[in-house]
1. Does any residue of the stretch 72-88 turn out to be touching a Lys or Arg at 6+ places or on another chain (Cβ under 6 Å), open to solvent by 20 Å² or more (accessible area, probe 1.4 Å) and within 27 Å of L212 (Cβ to Cβ)?
2. Among the numbered criteria (1) more than 21 Å from I46 (Cα to Cα); (2) open to solvent by 30 Å² or more (accessible area, probe 1.4 Å), which single criterion is violated by G173?
3. Mind counting the residues in the stretch 110-126 that are open to solvent by less than 10 Å² (accessible area, probe 1.4 Å) and part of a loop (DSSP other than H, G, I, E, B)?
4. Out of the helices (runs of 4 or more DSSP H) lying entirely within the stretch 141-223, which hold 3 or more residues that are among the small types (G, A, S)?
5. Is it the case that T53 is of a type in the set (S, T, N, Q), at pLDDT 95 or above, more than 23 Å from V161 (Cβ to Cβ) and surrounded by 22 or more Cβ atoms within 10 Å (Cβ to Cβ)?
6. Looking at the stretch 193-223, which of its residues are among the hydrophobic types (A, V, I, L, M, F, W, C) and open to solvent by 10 Å² or more (accessible area, probe 1.4 Å)?
7. Being at pLDDT below 95, more than 19 Å from F28 (Cβ to Cβ) and among the acidic types (D, E) is the requirement here; does E97 meet it?
Amino acid sequence: MAIQLETSWLEHLKGEFESAYFLSLKSFLQQEKASGMQLYPPSQQIFAAMDTTPFHDVKVVIIGQDPYHGPGQANGLSFSVNEGISHPPSLVNIFKEISSDLGYTYPQSGDLSRWAKQGVLLLNATLTVRASDAGSHQNKGWEQFTDAIIDALNKERSGLVFMLWGSYAKNKGKRIDRSKHLVLESGHPSPLSANRGMWFGNQHFSRCNSYLVEHGLSAIDWR
């Protein structure tokens, strides 16, 4: 797996690529491919979150768990699916909350690159997955790599908004300095959590925009 990464991120993460854990991860992915496994997202989109949102452009971080594992879904951005793909249940609930919070019409496209281009880092904790096998690439090294991403932002930036949805994201976000960043927490947008009253009404999207504007930054167009 050749490492091709947006320049600003490469500068902040270059030490990770020669570390023991990442070399082990790289070997694991090579073995998966050699054995004929179908992996998602496509290799050129593994680092799409960073490639689309350079380090100094990040304003908001949304942390997911691992990529969608169905055909044509994953595009390297957390919660996002490719154009023309049916919206998974969690994404449906995200759009419903945005509609309720901000009054926007439910969108046709589930491709969230429109957010990423505005400074929303859509980061999965695990950046690859085996087809039809959720969580299959967890605990192979990706989590350490994405912790390094969060650590770099936490340390070197200020005034960011972190959205932590569900216990997994909340645990990963414990390393964030709340004195210099806004951390918004709620239940996960999955139906199991949302239907138990832990998602809808969190108003994360309007709260995020209010914070950004208060800090002299442009609001995100969540449509």
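1. No.
2. Of (1) more than 21 Å from I46 (Cα to Cα); (2) open to solvent by 30 Å² or more (accessible area, probe 1.4 Å), only one is false for G173: (2).
3. Summing the residues that are open to solvent by less than 10 Å² (accessible area, probe 1.4 Å) and part of a loop (DSSP other than H, G, I, E, B) in the stretch 110-126 gives 5.
4. Hits in the stretch 141-223: 166-172.
5. no
6. M198, F200, V213, L217, A219
7. In short, no.
Residues checked against (1) in contact with a Phe, Trp or Tyr (Cβ under 8 Å, 6 or more places away or on another chain); (2) touching a residue at least 60 places away in the same chain (Cβ under 8 Å):
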residue	(1), (2)
E18	no, no
M37	no, yes
Y40	yes, yes
V58	no, yes
G64	yes, yes
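The values are calculated or read from the model by the stated rules, or taken from the named source; none is laboratory data. A quick note: this is a predicted structure, and the numbers were derived from the prediction, not measured. Quick reminder, even Gly has a Cβ in these numbers, built from the backbone with ideal geometry, and neighbours come from all protein chains shown. Accessible surface areas use protein heavy atoms only, side chains included; no ligands, DNA or RNA. Shrake-Rupley method; radii C 1.70, N 1.55, O 1.52, S 1.80 Å.
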